[in-house]
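Take a look at the structure set out below.
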Amino acid sequence: MARRVCLIKIVLSTLPLYHMSVFLMPKRVARVITLVKRRFLWCGDSEDQKIYKVAWQMVVRGNNRGGLDIGSLEGKNKALLFKWLWRL
């Protein structure tokens, strides 16, 4: 499980990072990427539908708040866009 969390943080969360810093991500795209993250965390490589053990809102929270510190794509997208606004 710890290896899957590391892969989600390092690979799946950083792949769309450049585009998220320049463009507003459509909600549909964010939902699909979040779904891929969920399935990978709980099921691994299999395509089976399993019952998720913990609510995703709890998983996304920071370590100090009892989560796995994966982070929300919508939150990252807004933060990166506001960073450009702040620089201007």
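Can you give the charge dipole size of the chain about its Cα centre, rounded to the nearest 20 debye, using +1 on the beta carbon of Lys and Arg and -1 on the beta carbon of Asp and Glu?
I would put it at about 220 debye.
Taking only Cα atoms, what is the 0 to 90° angle, nearest 10, from helix 73-87's long axis to the longest principal axis of the chain?
20
In deg cm²/dmol, rounded to 500, what helix-only [θ] at 222 nm does the chain give when every DSSP H run of at least 4 residues adds -39500 (n - 2.57) and the total is split over its residues?
Details: 5 runs with 49 residues, N = 88.
Mean residue ellipticity, 222 nm, calculated: -16000 deg cm²/dmol.
In the range 1-73, what is the count of Lys pairs whose alpha carbons are under 16 Å apart, counting only pairs at least 8 residues apart or on separate chains?
Values: LYS9/LYS37; LYS27/LYS37; LYS37/LYS50; LYS37/LYS53.
Counting lysine pairs in the range 1-73 gives 4.
Readers should treat all values here as calculations from the given coordinates under stated rules, not as data from a laboratory. Computed from a predicted model, the values in this text were never measured in an experiment. Every residue, glycine among them, receives a Cβ derived from its backbone with ideal geometry; neighbour counts consider all protein chains shown.
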